[in-house]
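Colleague: I have a structure here, written as structure tokens, and I will follow up with some questions on it.
Rule-based calculations on the coordinates, nothing more; no lab input. These numbers come from a predicted model, not from an experiment. Every residue, glycine among them, receives a Cβ derived from its backbone with ideal geometry; neighbour counts consider all protein chains shown.
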Amino acid sequence: MQRIYDNLMAECLENERQMFFLAGPRQVGKTTCALHAERLTPHFYYLNWDTQAHKKLIIAGPDSIAHFMKLENAYEEMPIVVFDEIHKYGKWKLFLKGFFDIYGKKTKIIVTGSAKLDIYKRGGDSLMGRYFLYRMHPISIAEIVSPQLIQTDIRQPKLIDENQYSDLFTYGGFPEPFINKNKRFSTRWHTLRRQQLIREDIRALSQIHELSQLEMLTEILIEQTGQLVNYSSLASALNISTPTAQRWIKNLEAFYYCFTIKPWFKSVRRSLRKNPKIYLWDWSNIADHGAKCENFVASHLLKAVHFWTDYGLGNYELHFIRDKEQNEVDFLVTKDKKPWFLVEVKVSDNNGISKSLYQFQKEIKASHAFQVVFNRAHIQKDCFSYKDPVIVPVQTLLSQLV
């Protein structure tokens, strides 16, 4: 299937001199997307760090790659080279810096990785100005119905096929189980992916050795989706220290197993400013229907704020709001540090609009406030045409994102 990231990559390679960094979860489609760049030039080269012959070329240094690509020749169309999973190489930053500085004017460069390629920024970014990072997410409603790039953040609503919507909610947004549409295959695929994530990726690239306890943590987080993270409770359940529990959560975030959302507290009286809420990148294994619905929406919103920010449309962030009186709205999307729209998730519209939506929209002056429900069919109406709180079908609102 066509992904929006294919169009993004083609546009960036044509218009930008910087390296194209594509980061995201294991098996989300990064390699497939990178290989599609072969359509853009007759001179295409793919190097995977996990392939022994390719590893030898990379370790030999930039000149060996240039010789392999025959960059001494003149080309009518610039060659493209892909470095897949190169973050596993201990000197990958130094290698890319040297290769880009010497040969960046002779070739376009794509870099992919399952672990966060920007995780080292806290120690100083030696590649500053040499790349643009884009975060790849699982398939979403908007990507199914309209994978084309647009120059604004919000799209017009578009109807998704009901079977595709059901498959997306049931099997998740990772391409292989979504396309396969088989429950037994999906169960085995997700189990194997989680095992490989822990026993291969995290073990190789982190200092965590208690892998059985880490696997137990991943199971606990499935049950606690959408809840405030209680690090001391997790530590007690796993027989580890609270700082260790915090570090393990950060590692699981770095490898795209889960993500946390921090509370918004500016302009909210008596707001809760402590622990974040936690969600999973893969919502398919969540048993509780209400929690699965909330995670489904959270994943779509996170994908949108990441894409809009990476694409240069502004600085977008995802938060939730909860005050000390337990008034809460599930999500708040901010744009350039200002509240933009609120989202409250409900399985049905039986009880009307949440009073908290009215309260918090008035307090923070958000432009829009939506209560998305899963029991209403798509309507061909721009949700963002409403200024006051409104109940909208989940399919309609999410089709307007990315």
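Colleague: Within a 10 angstrom radius of the beta carbon, how do 347, 390 rank from fewest other beta carbons to most?
Modeller: 347, 390
Colleague: Select from 195, 327, 89 the residue farthest towards the positive end of the dipole of the chain; place +1 on Cβ of Lys and Arg, -1 on Cβ of Asp and Glu, and compute about the Cα centre.
Modeller: Most positive-ward Cα: 327.
Colleague: Calculate how steeply helix 289-310 sits against the longest principal axis of the alpha-carbon atoms of the chain, using the helix alpha-carbon long axis, and give the answer as 0 to 90 degrees to the nearest 10.
Modeller: The two axes meet at around 50 degrees.
Colleague: Let me ask something else about it. Cα axis of helix 183-196 to longest principal axis of the chain: angle in degrees, 0 to 90, nearest 10?
Modeller: With rounding to tens, the tilt is 60 degrees.
Colleague: Another one. Pick out, from 12, 31, 2, the residue whose Cα sits farthest towards the positive end of the charge dipole of segment 1-96, with +1 on the Cβ of Lys and Arg and -1 on the Cβ of Asp and Glu.
Modeller: 31
Colleague: Still on this model: Among 146, 103, 60, whose Cα projects farthest towards the positive end of the dipole of segment 25-168, with charges put on the beta-carbon of Lys, Arg (+1) and Asp, Glu (-1)?
Modeller: Of the options given, the answer is 60.
Colleague: At most 15 other Cβ atoms within 10 Å and a DSSP loop assignment: could you name the chymotrypsin sites (Phe, Trp or Tyr not before Pro) in segment 22-90 that fit?
Modeller: Here the chymotrypsin sites (Phe, Trp or Tyr not before Pro) that fit, given the DSSP loop and packing criteria, are 75.
Colleague: I need the calculated FRET efficiency for the pair residue 60 and residue 204, taking r as the beta carbon distance and R₀ as 30 Å, to the nearest 0.05.
Modeller: Efficiency, from the Cβ-Cβ distance: 0.85.
Colleague: Which loop GluC sites (Glu not before Pro) in segment 266-373, with loop taken from DSSP, have no more than 15 other Cβ atoms within 10 angstrom of their Cβ?
Modeller: Sparse-neighbourhood loop GluC sites (Glu not before Pro): 325.
Colleague: Could I ask something else about it? Quick one: among 264, 92, 340, which has the greatest mean-square fluctuation in a GNM of the chain with alpha-carbon springs under 10 angstrom?
Modeller: Ranking 264, 92, 340 by mean-square fluctuation puts 92 first.
Colleague: If you don't mind, there's one more thing I want to ask. Given the options 330, 282, 201, state which has the largest fluctuation in a GNM of the chain using a 10 Å cut-off (strictly under) for Cα springs.
Modeller: Answer for the Gaussian network model of the chain: 201.
Colleague: Which length gain, in nm to one decimal place, applies between residue 149 and residue 183 when the Cα-Cα distance is subtracted from 0.36 nm times their residue separation?
Modeller: In short, 9.0 nm is gained.
Colleague: Now for a different question. Top mean-square fluctuation among 300, 319, 209, Gaussian network model of the chain, C-alpha springs under 10 Å?
Modeller: The residue that fluctuates most here is 209.
Colleague: Something else about it: Please state the charge dipole magnitude for segment 141-399, taken about the Cα centre, from unit charges on C-beta atoms (+1 on K and R, -1 on D and E), reported in debye and rounded to the nearest 20.
Modeller: 600
Colleague: Right, something else. Cα gyration tensor of segment 10-55, axes a ≥ b ≥ c as square roots of the eigenvalues: rounded (a/c below 1.5), prolate (a/b > b/c) or oblate?
Modeller: Oblate shape, in that a/c is at least 1.5 and b/c is the bigger or equal ratio.
Colleague: Roughly what angle does helix 162-171 make with the longest principal axis of the chain, taking Cα atoms, 0 to 90 degrees, to the nearest 10?
Modeller: Rounded to the nearest ten degrees, it is 80.
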